[in-house]
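Nothing in this text is a laboratory measurement; each read-out follows from the coordinates by a stated rule. It should be emphasised that the depicted structure is a prediction, and the values quoted were computed from it without experimental measurement. Glycine also receives a Cβ, built like all others from the backbone with ideal geometry; neighbour counts cover every protein chain displayed.
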Amino acid sequence: MKKIISLLLSLLLVFSTCAVAFSASVEFDENEISDYPLIIVPGYSSSSLYDPVEDKVVWGLDWDHVLDRVMNRIIDLGIGLGALTLGNAEYIGQTVGEEINALFEKMRCNPDGTSVYPIERTVSTAEELNNANLMITHPNGDHRQEQDMAAEFAEYIGHENIYNFTCDFRMGSEVCAGMLDELIQDVKKHSGKEKVNLLAVSHGGQVTATYLTLYGWKNDVDNAVLTVPAIGGAGIAYDAVVNDFDFDEECLIRFIEHGTRTEEDYNWLVKAQQLGFVDLILEELFPVVFPTIGYWGSIWDFIPADKYEYAKNTALKYEESAPLIEKSDRFHYEILPKVGEKLTECIENGMNITIISGTGNRIVSGLNEDSDGIITTAASTGATCAPYGKRFADGYVQKNDCGGKYKLSPSMTIDASTAYLPDNTFFVNGLFHGMTYWDYYTRSLMMITLFTDRITDVYSDPNYPQFRDTTNPSSSVFAQFKGCKPGVLAETDTLVVTNCSWQNSVKLSAINCDGADIEFRIDPSVELAPGESIEIPVSGDIPDVSAKSVSLTICFTNGTVTPLGYRTQYFMLDNGDPVEESDEIISADAKSPLDKLIISDGIDNLLKDLGLKEFLAMIFTVIDYWFNFIF
């Protein structure tokens with residue numbers, strides 16, 4: 001029954017949509033907008049691929065065809081689902097795997113990484129990939145990437161100045177980077193401009209970072225924005241290649257919540273319920289489909305560097321895959337180590353490069369590392385991260401001095417001093433993969449850095465600091481101390497809480513601070529409309545120290561089916577001398593009033609296993625707040 005409830009919740013979230021349009025626009029002075037053409041370098045598998053022998057598109061799924069195949073195998077699928085209820089996933093894994101192989105046969109690569117079939121890109125020239133032209137030749141939207149973003153970009157620069165990159169995404173990043181260089185030269189000729197701007201998303205971030213490392217010396221790019229980039233790989237690829245899945249259901253549901261911008265807070269309801277049957281299916285499925293997709297060079301470039309040798313030795317045979325291994329070795333051991341150096345050279349030559357990374361989430365498929373749900377923070381940015389669920393102790397000393405600049409996240413989980421670009425990388429706690437446009441903060445940051453020279457590093461504008469929390473509407477509330485930098489707690493007497501929902505009003509129920517003896521006076525009758533903020537008095541003593549992390553948990557109601565919700569944010573104290581240095585790794589869990597009542601680790605672990613810890617923590621936070629307020 002628990003599995004059924006969990007699955008129904010997931011399906012409900014997948015098919016739900018946000019009823020409110022996202023219409024807020026970034027304001028620009030028309031004189032500051034770049035007049036260079038923009039190339040969108042999209043995420044993985046976005047390009048249409050073509051078999052010239054059969055004159056047939058081989059990538060770009062025909063969902064009617066997929067549905068027909070499902071109906072033809074409906075009896076087999078039924079048998080597989082029946083066996084699954086008894087814990088046997090082999091039959092359904094084999095059935096689904098056979099269908100995937102049949103659908104993707106033309107995409108198959110040999111063990112040496114070469115394509116079995118003579119596959120080409122369906123469209124590849126600047127003229128073909130120009131947005132204005134595509135709107136005429138393909139009015140159904142084919143080949144136009146990131147269409148929500150592009151529609152807004154066009155308000156400022158016109159569709160005629162937007163181009164869409166395509167590549168054979170099966171190949172490694174070096175091959176795709178060469179294709180990007182070819183398109184850039186073509187766009188320069190087509191547009192008559194001497195440079196281009198690049199917006200790179202996910203896999204496009206790896207391709208763009210590789211391009212800039214190999215071809216940045218040409219100085220053909222003015223502004224490059226890499227958002228949630230897979231520069232150093234994607235954790236989910238590692239889980240697939242070594243066939244070790246442990247899907248995190250709660251993280252998966254939060255991912256879906258953020259993607260659909262739903263304001264129903266389901267995720268904590270299933271905190272303890274893991275989709276074990278999904279793991280069983282995938283573990284049976286992936287060996288079946290490995291011969292079809294397992295020799296794609298891009299899959300191997302996706303393996304994070306610290307896991308590459310293990311994955312390679314686990315899944316590949318050197319004798320038959322030597323050319324594939326040679327190419328991926330070159331990416332991991334020659335190209336990737338130079339990324340930081342080469343991107344820095346690009347900046348020194350006048351280019352603006354911005355990296356926007358999501359943090360604070362586990363990889364949904366099981367890898368226990370800080371990430372945006374798909375790509376580890378370390379691989380995306382080069383930063384040093386504490387193990388997921390842990391943090392650096394107060395007083396941790398960053399690895400690189402960075403000219404005396406402080407590079408630790410308020411949650412003490414990220415050391416940005418080792419990043420590819422320590423001064424040009426923005427970390428957004430709670431931002432999921434692919435959600436940049438649906439968070440007003442990251443959306444604004446992306447637009448400003450893409451089209452203007454207003455922000456050139458993390459110190460250009462105090463409203464866009466290196467570390468920030470997401471304002472996706474699924475987060476419901478956002479807090480900041482008045483008079484302090486974002487993510488910082490110094491001398492203040494006011495907390496500003498904003499309702500970042502798009503649809504629902506919010507009422508505050510309680511606020512708890514762990515790490516500073518301060519209190520907040522709230523009025524539970526006050527209703528915050530979407531986008532509205534309230535100033536809340538702060539009393540008590542703010543510790544006279546710095547380099548110490550504190551957490552703030554806000555409990556609220558927002559009129560949804562889950563009547564009580566909460567959000568925890570982290571702040572770095574900056575109010576005196578730094579605390580004593582430490583190199584310890586400690587638990588990252590914020591302490592709640594409930595933790596004071598739990599007398600043993602055994603009880604704490606039991607509550608977590610039962611999925612009751614967060615629910616009871618919310619209840620006790622509200623009770624404790626009002627008990628102390630009254631008495």
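Placing a label point 7 Å from the Cα of Thr314 along the Cα-to-Cβ direction, the residues of the range 367-381 whose backbone N falls under 20 Å of that point are 367-380.
How charged is the neighbourhood of Gly483? Take every other residue with its Cβ under 14 Å from the Cβ of Gly483, and add Lys/Arg as +1 and Asp/Glu as -1. Value of the local net charge: -2.
Reported to the nearest whole Å, the Cα centre-to-centre distance from the range 512-527 to the range 320-367 is 43. Each of Glu535 and Glu105 was given a label point 7 Å from its Cα along the Cα-to-Cβ line. The distance between the two points is 7.0 nm.
Full extension of the segment from Glu120 to Asp142, taken as 0.36 nm per residue of separation minus the current Cα-Cα distance, would add 6.3 nm. Between Asn368 and Ala490, the modelled label-to-label distance comes to 3.9 nm, taking each label 7 Å out from Cα in the direction of the beta carbon.
How much length would be gained if the chain were fully extended between Ser460 and Cys402, taking 0.36 nm per residue of separation minus their Cα-Cα distance, in nm to one decimal?
19.2 nm
A simple spin-label model places the labels of Asp523 and Lys338 6.3 nm from each other, with each point 7 Å out along Cα-to-Cβ. Selection among Gly340, Gly373, Gly395 by position relative to the dipole of the range 336-414 gives Gly395 as farthest towards the positive end (Cβ unit charges, Cα centre). Taking 12 Å as the straight-line reach from the Cα of Lys317, the aspartates and glutamates in range (excluding those fewer than 8 positions away in the same chain) are Asp112. Taking Lys and Arg as +1 and Asp and Glu as -1, the other residues whose beta-carbon sits under 15 Å from that of Asp583 total -2. Taking 0.36 nm per residue of separation and subtracting the Cα-Cα distance, full extension of the segment from Glu32 to Asn219 would add 65.2 nm. 3J(HN,Hα) along the range 115-120: 6, 5, 10, x, 7, 10 Hz, from the Karplus curve 6.51 cos²θ - 1.76 cosθ + 1.60 with θ = phi - 60°, whole Hz, x for Gly and Pro. Using Cβ point charges alone (K and R +1, D and E -1), the dipole size of the range 503-607 about the Cα centre works out to roughly 680 debye. Applying a threshold of 20 Å to the alpha-carbon distances of Lys399/Lys548; Lys482/Lys596; Lys485/Lys548; Lys195/Lys342 flags Lys482/Lys596 as lying beyond it. Treating r as the C-beta distance of Ala322 and Val53 and R0 as 35 Å, the FRET efficiency rounds to 0.80. Determine, from the Cβ-Cβ distance of Asp329 and Ile630 and an R0 of 60 Å, the FRET efficiency 1/(1 + (r/R0)^6), rounded to the nearest 0.05. With a Förster radius of 60 Å, E is 0.35. If Lys and Arg each add +1 and Asp and Glu each add -1, what is the summed charge of the other residues whose beta carbon sits under 9 Å from the beta carbon of Thr292? Here the charged neighbours net out to 0.
Computed from point charges on the beta carbon alone (+1 for Lys and Arg, -1 for Asp and Glu), the dipole magnitude for the range 449-535 about its Cα centre is near 220 Debye.
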